[in-house]
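First comes the structure, then the notes that go with it.
The values are calculated or read from the model by the stated rules, or taken from the named source; none is laboratory data. Computed from a predicted model, the values in this text were never measured in an experiment. Cβ sites come from the backbone with ideal geometry, for glycine too, and all protein chains shown count toward neighbours. Heavy atoms of the whole protein, side chains included, go into the accessibility calculation; ligands, DNA and RNA do not. Shrake-Rupley method; radii C 1.70, N 1.55, O 1.52, S 1.80 Å.
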Amino acid sequence: MDQNRTDASRVPALDLLRLAAVAAVILYHYGFWGPASHGAPQVAMPALAPVAQYGFLGVPVFFAISGFVIAYSAEGRTALGFAIARFSRIYPTFVLCMTLTFAAVLLFGADHFEVTARQWFANLFIAAPLLGQPYIDTSYWSLVIEVVFYTWVAVFMALGLFPRRIDAIIIVWLAITFANELTIDAPIFEKMFMADDSGFFAVGLLIYQHYRGRRDARWWALSALALGTAIFQAVHKLERLGVHTNGSFDPKVVAAICVVSLGIVLLATRVKRVPLPAKLVLAAGGITYPLYLLHMQFGYVIFNTLAPQRNVALFVGTIIAGAFTLAYVVWRFFDRPAHHRTKIVLLGHANRFGWLTGPRGSTGEVRSV
């Protein structure tokens, strides 16, 4: 959910849930993931590993929230207006945070990490591996999944199918997911149709339908199907995670976390107010995107450069606090103005060429989400 929406149209509890999800991912990266990422020599806080290893589920929870937010964002927009809104929302901040991480690795990461100008250039296109280069920060893989999702939504909007044919879209999408996962398991289908995460996005789309008042039997059936798919996908990932991290995961714990977390997302959309200052809630939601982009590789570089032998937990806490502070600065002084300015410029060009047509026209497209 964009951070500039008015209080009347926001879902404030989702801002707090997004922060909780990114906190789970941070716990995962600092309490479990270290050695599996670019040769980092140690886990920052290994004592937390039994709990931290399940923090990877913070990312698919993000995907579920994204399903809700994107359905919200698409409402009343043209396909081009939606695409411009999404590009303006994610790209300027991504370029800044990616460049900051690149600079940190270039200056301080020589012992364990390396980057090149060619790698930085490839990362400007977000999906750097398509250009034969690794991500500056491996956590960017989830941003690629988000962009693929946005692209499909924009295409379906252009065809007049979204959200009018949302049920059919979800059924076909999940059918493709299972057909691929249970048969050829082709990487191209996995990437094109987000076959490892489609259930979570579908849950989010259906939660938005519920938010708008839908309660029919088909909604319940589709929700059960989407939730079952999400659980299947989360458990299905464990084999690869176990091989890559030498970890041991309990599928029952993963399934329980999926059910509880997605249930909380649903409940959060019913909460109209939270007992916290509005500006604090706004900041909590606002910092999640830059915090996600900055916390891992940037922090690993600092951790491995200084290699603390004592008070490691305090040192890691300082790194994480620094990441929160930097994320706040990026959000407060760059993200919001860059988002607004980019959107206004792109919408202005689109209007000039007469590309924005539809019920909202040129002025209706200038919205916050």
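Quick one: is T78 open to solvent by 10 Å² or more (accessible area, probe 1.4 Å), of a type in the set (V, I, T), under 29 Å from W152 (Cα atoms) and in contact with a Pro (Cβ under 9 Å, 6 or more places away or on another chain)?
Yes.
Condition check: more than 22 Å from A74 (Cβ to Cβ), modelled with pLDDT of 95 or more and in contact with a Gly (Cβ under 8 Å, 6 or more places away or on another chain). Does I207 satisfy that? No: the conditions fail for I207. Remark: pairs (first residue in segment 15-32, under 14 Å from L262 (Cα atoms); second residue part of a helix (DSSP H, G or I) and hydroxyl-bearing (S, T, Y); Cβ separation under 6 Å; 6+ apart in sequence or on different chains) = R18/T288. When segment 212-232 is limited to residues that are out of contact with any Leu (no Cβ under 9 Å at 6 or more places or on another chain) and among the basic types (K, R), the one that is surrounded by the fewest Cβ atoms within 10 Å (Cβ to Cβ) turns out to be R215.
Looking across segment 123-134 at every residue that is in a helix (DSSP H, G or I) and farther than 22 Å from V330 by Cβ, the one that is most open to solvent (accessible area, probe 1.4 Å) is identified as L130. Scan segment 146-165 for residues that are touching a helix residue (DSSP H, G or I) at 6+ places or on another chain (Cβ under 6 Å) and more than 23 Å from F87 (Cα to Cα) and the total you get is 0.
Screening segment 323-369 for residues that are surrounded by 15 or more Cβ atoms within 10 Å (Cβ to Cβ) and β-branched (V, I, T) and picking the one that is modelled with the lowest pLDDT gives V366.
The number of residues in segment 277-317 being outside any helix (DSSP H, G or I), at pLDDT 90 or above and open to solvent by 60 Å² or more (accessible area, probe 1.4 Å) comes to 1. Anything in segment 6-36 that is part of a loop (DSSP other than H, G, I, E, B) and either out of contact with any helix residue (DSSP H, G or I) (no Cβ under 9 Å at 6 or more places or on another chain) or modelled with pLDDT of 85 or more (or both)? List them, or say none. Hits for segment 6-36 are T6, V11. Counting only helices (runs of 4 or more DSSP H) that fall entirely inside segment 37-112 and contain at least 3 residues that are of a type outside the set (G, A, S), the qualifying elements are 58-74, 79-108. Screening S73 with (1) in contact with an Asp or Glu (Cβ under 9 Å, 6 or more places away or on another chain); (2) within 17 Å of Y300 (Cβ to Cβ); (3) hydroxyl-bearing (S, T, Y) gives one miss only, at (2). Scanning segment 105-140 for residues that are of a type in the set (A, V, I, L, M, F, W, C) and under 16 Å from Y300 (Cβ atoms) yields V105, L106, L107, F108, A110, F113, V115, I136. Checked against (1) more than 22 Å from the chain's Cα centre (by Cα); (2) hydrophobic (A, V, I, L, M, F, W, C); (3) within 22 Å of F334 (Cβ to Cβ), F102 meets all criteria but (1).
Determine if segment 180-197 includes at least one residue that is open to solvent by less than 60 Å² (accessible area, probe 1.4 Å), modelled with pLDDT under 95, among the aromatic types (F, W, Y) and under 25 Å from A83 (Cβ atoms). Yes, because at least one residue in segment 180-197 is open to solvent by less than 60 Å² (accessible area, probe 1.4 Å), modelled with pLDDT under 95, among the aromatic types (F, W, Y) and under 25 Å from A83 (Cβ atoms).
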